[in-house]
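A.B. asks: Before anything else, here's the structure in question.
The values are calculated or read from the model by the stated rules, or taken from the named source; none is laboratory data. None of these values were measured; they are calculated from a predicted model. For neighbour counting, all protein chains shown are included, and Cβ atoms are generated from backbone atoms with ideal geometry for every residue, glycine included. Please note that ligands, DNA and RNA were not included when accessible areas were found on the heavy atoms of the full protein model with its side chains. Shrake-Rupley method; radii C 1.70, N 1.55, O 1.52, S 1.80 Å.
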2 protein chains.
Amino acid sequence: MAEIIPLQRSPRPTPRDVEPLWRDALGDRLRRLRHERGERLADTAERAGVSPQYLSEIERGLKEPSSEMIAAVAGALDVTLIELTAAVVDDLRAQASERAAVGCRADFALAA
Amino acid sequence: MAEIIPLQRSPRPTPRDVEPLWRDALGDRLRRLRHERGERLADTAERAGVSPQYLSEIERGLKEPSSEMIAAVAGALDVTLIELTAAVVDDLRAQASERAAVGCRADFALAA
């Protein structure tokens, strides 16, 4: 009986392997919401009751914000926790689609 | 000219006032995912590389898990960060709908 040889595929990381961390996705979205309001770090941070330095670290994913901090910054940006987390999920999905598209283009380039 | 008197409404908290904290919603969903798999704390905790006690505290919203910890527990439950956070958003929306329904019933009872 003929042996079935599977097609060789280049090993590609699964979505989970390359998923960003929660605080990175959250920080990106918080920064985007602040920019959409045309605010400086100091503006938003003051309303949230944190230092501009600390808010900057949260936005860059360098600090893990507590849930109370997430609520305070969301409140300062006038969004609910639902709106904020739903936007982060949308961002994560868009990034996953982009990673998948890049993977397909890489496969196409290898096959050509 | 007749004065317009607005209808009196009982003060009701806005959704933001009564929103749960992120870690509470996250913990609830993690516990639900574990139960859906029919697993004990020890089973999931071992795969995530944490103690059962620590996982229990995360599930009950008593500990703020780091993003690395969220990724580890999600991996142990075989869900991506996208799937996990999307499920938390669904939970938050369902809870908000329930709170709104309770508010309407309370208003109806007051009006009756």
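A.B. asks: Given the criteria closer than 23 Å to A:S66 by Cβ and in contact (Cβ under 8 Å) with a residue 12 or more places away in the chain, does B:A48 qualify?
C.D. replies: On the way: closer than 23 Å to A:S66 by Cβ: yes; in contact (Cβ under 8 Å) with a residue 12 or more places away in the chain: yes.
Judged against the criteria, B:A48 is a match.
A.B. asks: For region B:82-92, give me the residue count where each residue is open to solvent by 10 Å² or more (accessible area, probe 1.4 Å) and either out of contact with any Leu (no Cβ under 8 Å at 6 or more places or on another chain) or more than 15 Å from B:R31 (Cα to Cα) (or both). Spell out how you get there, then give the answer.
C.D. replies: Quick first cut of region B:82-92, residues open to solvent by 10 Å² or more (accessible area, probe 1.4 Å) only: B:82-83, B:86-87, B:90-91.
Now restrict to residues that are either out of contact with any Leu (no Cβ under 8 Å at 6 or more places or on another chain) or more than 15 Å from B:R31 (Cα to Cα) (or both): B:82-83, B:86, B:90-91.
Within region B:82-92, residues that are open to solvent by 10 Å² or more (accessible area, probe 1.4 Å) and either out of contact with any Leu (no Cβ under 8 Å at 6 or more places or on another chain) or more than 15 Å from B:R31 (Cα to Cα) (or both) number 5.
A.B. asks: In the list B:Q53, B:Q95, which residue meets the criterion of being open to solvent by 30 Å² or more (accessible area, probe 1.4 Å), at pLDDT below 95 and in a helix (DSSP H, G or I)?
C.D. replies: Numbers: B:Q53 fails: at pLDDT below 95.
Among B:Q53, B:Q95, only B:Q95 is open to solvent by 30 Å² or more (accessible area, probe 1.4 Å), at pLDDT below 95 and in a helix (DSSP H, G or I).
A.B. asks: Find the residue count for region A:75-112, including only residues that are within 8 Å of chain B (Cβ to nearest Cβ) and touching a residue at least 24 places away in the same chain (Cβ under 8 Å).
C.D. replies: Initially, region A:75-112 is screened for residues within 8 Å of chain B (Cβ to nearest Cβ), giving A:75, A:80-82, A:85-86, A:88-89, A:92-93, A:96.
Within this subset, residues satisfying the condition of being touching a residue at least 24 places away in the same chain (Cβ under 8 Å) are A:75, A:88, A:92, A:96.
Residues meeting the conditions: 4.
A.B. asks: Name the single residue that is farthest from the other protein chains (Cβ to nearest Cβ) among those in region B:19-37 being open to solvent by 40 Å² or more (accessible area, probe 1.4 Å) and not in a loop (DSSP other than H, G, I, E, B). Give the steps one after another, and end with the answer.
C.D. replies: Restricting attention to region B:19-37, the residues satisfying the condition of being open to solvent by 40 Å² or more (accessible area, probe 1.4 Å) are B:21, B:24, B:28, B:31-32, B:35-37.
So of that shortlist, the ones also not in a loop (DSSP other than H, G, I, E, B) come out as B:24, B:28, B:31-32, B:35-36.
Numbers: B:D24: 7, B:D28: 13, B:R31: 16, B:R32: 17, B:H35: 22, B:E36: 18 Å.
Residue satisfying both the conditions and the ranking: B:H35.
A.B. asks: Go through region A:56-70 and give me each residue that's within 11 Å of chain B (Cβ to nearest Cβ), assigned to a helix (DSSP H, G or I) and in contact with a Lys or Arg (Cβ under 8 Å, 6 or more places away or on another chain). Steps first, please.
C.D. replies: Filtering region A:56-70 for residues within 11 Å of chain B (Cβ to nearest Cβ) gives A:61, A:63-70.
Subsequent filtering for residues that are assigned to a helix (DSSP H, G or I) retains A:67-70.
A:S67 - this is the single residue of region A:56-70 that is within 11 Å of chain B (Cβ to nearest Cβ), assigned to a helix (DSSP H, G or I) and in contact with a Lys or Arg (Cβ under 8 Å, 6 or more places away or on another chain).
A.B. asks: Tell me which residues, restricted to region A:68-93, are hydroxyl-bearing (S, T, Y) and over 17 Å from the mean Cα position of the chain (by Cα).
C.D. replies: Let us first name the residues in region A:68-93 that are hydroxyl-bearing (S, T, Y), namely A:80, A:85.
Of everything in region A:68-93, just one residue is hydroxyl-bearing (S, T, Y) and over 17 Å from the mean Cα position of the chain (by Cα), namely A:T80.
A.B. asks: Just give me the residues in region B:59-74 being more than 13 Å from A:W22 (Cα to Cα) and either surrounded by 20 or more Cβ atoms within 10 Å (Cβ to Cβ) or of a type in the set (G, A, S) (or both), in sequence order.
C.D. replies: Filtering region B:59-74 for residues more than 13 Å from A:W22 (Cα to Cα) gives B:59-63.
B:E59, B:G61, listed by residue number.
A.B. asks: Could you check region A:60-73 and list, in sequence order, the residues that are touching a residue at least 40 places away in the same chain (Cβ under 8 Å) and of a type outside the set (D, E, K, R)?
C.D. replies: Pass one, region A:60-73, residues touching a residue at least 40 places away in the same chain (Cβ under 8 Å): A:61, A:63-65, A:70, A:73.
Listed by number, the residues that qualify are A:G61, A:P65, A:I70, A:V73.
A.B. asks: I need the full set of residues from region A:38-55 which are within 14 Å of another protein chain (Cβ to nearest Cβ) and within 22 Å of B:L26 (Cβ to Cβ), in order please. Break it down into steps so the answer makes sense when it comes.
C.D. replies: Just the residues of region A:38-55 that are within 14 Å of another protein chain (Cβ to nearest Cβ), to begin with: A:47-48.
Of everything in region A:38-55, just one residue is within 14 Å of another protein chain (Cβ to nearest Cβ) and within 22 Å of B:L26 (Cβ to Cβ), namely A:A48.
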